[in-house]
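Since the structure comes first, as structure tokens, the remarks are kept for the end.
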Amino acid sequence: MKGVILDRFGEPKDVIHVADAPIPVPGVGQVRVRMLAAPVNPSDLMTCRGTYTKIPSLPFAPGYEGVGVVESAGPGLFGKFLIGRRVAMLTGDGGSWQEYNVIPARQAVPLSQQIPIDQAAMFFVNPTTAYVLTREVLKVPRGEWLLQTASGSALGKMVIRLAGHYGVRTICVVRRSVQAQELIKLGADEVIATDEQDLHERVKQITGGKGVRYAIDPVSGELGSRVIRCLAPGGRLVVFGTLSHQPLQFSSRDLMTPGATVEGFWLGNFMAKLGLLKKLRIVSKVGSLMKKGILVSEIGKTYRLDEIKEACIEAERTARGGKVLLRISDQ
Ligand SMILES: NC(=O)c1ccc[n+]([C@@H]2O[C@H](COP(=O)([O-])OP(=O)(O)OC[C@H]3O[C@@H](n4cnc5c(N)ncnc54)[C@H](OP(=O)(O)O)[C@@H]3O)[C@@H](O)[C@H]2O)c1
């Protein structure tokens with residue numbers, strides 16, 4: 001089979017290549033999935049650079065999520081039941097940028113045929129994070145403001161639709177003012193474009209000087225640090241990404257004065273702590289919000305496996321639009 005391999009850390013285009021490997025054989029409790037499609041996510045690119053939360057041992061087969069069809073199963077009941085089913089997967093062990101991947105059967109989630117393949121390929125990382133962050137972690141009440149940065153990201157757009165669905169009002173921060181109209185059309189209540197507007201001043205205007213009680217930031221660096229100064233008394237900021245590749249820098253007084261907090265979130269850790277029943281409930285909720293068109297991603301350019309270097313470059317192009325998707329094989 002063909003698969004993408006990372007054998008040193010660095011710029012993705014310089015350190016990954018497509019190689020031939022034997023088709024993997026599933027062991028006890030595992031299934032072999034013929035991969036159909038997988039996205040190129042920021043976490044995949046950080047893994048190639050060696051800057052992600054988990055540093056894998058090398059060589060490593062990148063790709064943390066995707067969709068495929070279960071072809072065969074090792075010993076174990078559950079795996080046999082999955083044969084022939086279309087499944088979404090999230091695996092910390094990587095391997096979704098390959099023609100075949102072997103994963104534990106319990107990590108293969110059978111999906112309704114109503115969910116298109118492109119959306120199924122991105123079932124976990126962004127949709128589940130958007131849902132969990134807003135509904136399970138922050139539990140933003142109806143009518144409250146939620147401020148988010150990188151609002152034009154795939155996840156940011158999901159948060160806008162999700163907030164509309166649950167009656168939460170959004171302040172959507174973007175770095176380019178040309179994005180404002182699109183986000184307003186999508187349902188954003190307010191858009192702040194940092195190339196033209198002062199974040200802190202605009203948040204004060206919008207909230208009548210109070211600031212926001214709920215905020216989420218995947219950018220970090222200077223922008224994330226400025227969000228801290230927009231928090232209301234008792235406000236909470238959840239940080240969940242480092243798109244700027246820069247650390248937060250702020251005065252402790254910015255938290256002390258309002259009694260505000262900054263918390264970190266990583267989906268892998270959050271899901272690992274849940275019991276099976278709760279996990280199933282979340283998966284089912286995400287599936288139903290996907291079918292309603294709320295937790296969906298726009299698809300940008302699509303690539304074949306042997307175009308992986310171009311796909312990685314495109315995934316980080318400013319103003320790229322929809323998500324970059326690898327089409328690994330046809331149905
Ligand atoms: N912690 C977790 O468990 C978890 C789970 C899922 C996702 N995430 C994080 O969520 C974030 C969004 O993911 P995604 O897949 O939705 O991203 P995406 O669709 O690839 O979009 C990235 C967006 O970030 C914006 N951006 C990039 N660098 C920026 C910067 N320095 N300042 C301001 N904006 C910047 C881009 O703006 P332009 O349109 O202007 O180019 C683009 O809209 C990522 O950081 C990802 O790692 C975290």
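Output the antiparallel fraction of DSSP beta bridges having both residues in the chain, as a percent to the nearest 5.
Taking every DSSP beta bridge with both residues in the chain, the antiparallel ones total about 55 percent.
Could you give me the ³J(HN,Hα) list for the stretch 298-311, computed from phi with Karplus coefficients 6.51, -1.76, 1.60 and θ = phi - 60°, whole Hz, x at Gly and Pro?
6, 9, x, 6, 10, 9, 8, 3, 6, 9, 4, 5, 4, 4
Report the FRET efficiency, 1/(1 + (r/R0)^6), for Met1 and Arg253, where r is their Cβ-Cβ distance and R0 is 45 Å, rounded to 0.05.
0.20
7 Å from Cα along Cα→Cβ at both Glu222 and Arg317: what's the point-to-point distance in nm?
With each label placed 7 Å out from Cα toward Cβ, I get 2.6 nm.
What residues have an amide H closer than 5 Å to that of Gly50, excluding those fewer than 5 places away on the same chain, when H is modeled at 1.01 Å from N in the peptide plane?
Sorted by chain and number, the residues that satisfy this are Gly10.
Loop by DSSP (not H, G, I, E, B), at most 10 other beta-carbon atoms within 10 Å: where is the longest site-free stretch of the chain for GluC sites (Glu not before Pro)?
It runs 1-195.
Return the long-range amide H neighbours of Leu146 (sequence gap of 5 or more, or a different chain), with a cut-off of under 5 Å between placed amide H atoms.
Counting only residues 5 or more places away or on other chains, the set is Arg169, Thr170, Ile171.
Give me the compactness ratio for the stretch 273-331, meaning the Cα radius of gyration over 2.2 N^0.38 Å.
1.51
Residue by residue through the stretch 112-119, what is 3J(HN,Hα) from phi via Karplus (6.51 cos²θ - 1.76 cosθ + 1.60, θ = phi - 60°)? Round to whole Hz and write x for glycine and proline.
Listing the rounded values in order: 5, 5, 5, 8, x, 4, 4, 6 Hz.
Given a Förster radius of 45 Å and the C-beta distance between Glu298 and Lys80 as r, what FRET efficiency does 1/(1 + (r/R0)^6) yield to the nearest 0.05?
0.75
Can you list the HN-Hα couplings for the stretch 218-231, worked out from phi with the Karplus curve (6.51, -1.76, 1.60; θ = phi - 60°), rounded to whole Hz and with x for Gly and Pro?
Per-residue couplings from phi come out as x, 9, 6, x, 5, 5, x, 5, 5, 4, 4, 6, 9, 7 Hz.
For helix 154-166, what angle does its Cα long axis make with the longest principal axis of the chain, in degrees from 0 to 90 and rounded to 10?
On a 0 to 90 degree scale, this one is about 60.
Can you give me the distance in nm between label points at Ala21 and Arg106, each placed 7 Å from the Cα along the Cα-to-Cβ direction?
2.4 nm
For helix 276-291, report the angle its Cα long axis makes with the longest principal axis of the Cα atoms of the chain; keep it between 0 and 90° and round to the nearest 10°.
The angle comes out at about 80 degrees.
Can you give me the convex hull volume of the Cα atoms of the chain, divided per residue and expressed in Å³?
130 Å³
First obtain the Kirkwood hydrodynamic radius of the stretch 238-284 from its Cα pairs, then insert it into the Stokes-Einstein equation at 10 °C and 1.306 mPa s, and state the resulting D in µm² per second as a whole number.
My calculation gives 118 µm²/s for D.
Tell me which residues come under 5 Å, amide H to amide H, from Val238 once H is placed; ignore anything under 5 positions away on its chain.
Amide H to amide H, under 5 Å and 5 or more residues apart or across chains, Val238 pairs with Ala215, Ile216, Asp217, Glu263.
Quick one: among Met89, Met158, Met46, which has the greatest mean-square fluctuation in a GNM of the chain with alpha-carbon springs under 10 angstrom?
Met46
Where Rh is the Kirkwood radius over the Cα pairs of the stretch 45-100, the temperature 37 °C and the viscosity 0.692 mPa s, what D in µm²/s does Stokes-Einstein return?
Here the translational diffusion coefficient equals 257 µm²/s.
Would you list which lysines come within 20 Å of Lys273, measuring only between C-alpha atoms, while excluding same-chain residues fewer than 8 positions from it?
Excluding near neighbours in sequence, the set is Lys54, Lys139, Lys285.
On a straight-distance basis, which aspartates and glutamates could pair with Lys278 in a cross-link, Cα separation under 13 angstrom, same-chain partners fewer than 8 positions away excluded?
Glu136
Straight-line reach from Lys185: which aspartates and glutamates have a Cα under 16 Å away, not including same-chain ones fewer than 8 places off?
Cα-Cα hits under 16 Å: Glu298.
When the Debye formula is applied to the Cα atoms of the stretch 140-268, each taken as the same point scatterer, what base-10 log of I(q)/I(0) results at q = 0.14, 0.16, 0.17, 0.19 Å⁻¹?
Once normalised to I(0) and log-transformed, intensities are -0.54, -0.72, -0.83, -1.06.
Values in this text are rule-based calculations from the coordinates and carry no lab data. Note that the structure is a prediction, hence the values are computed from the model and not measured. Neighbour counts run over all protein chains shown; Cβ positions are idealised from the backbone, glycine included.
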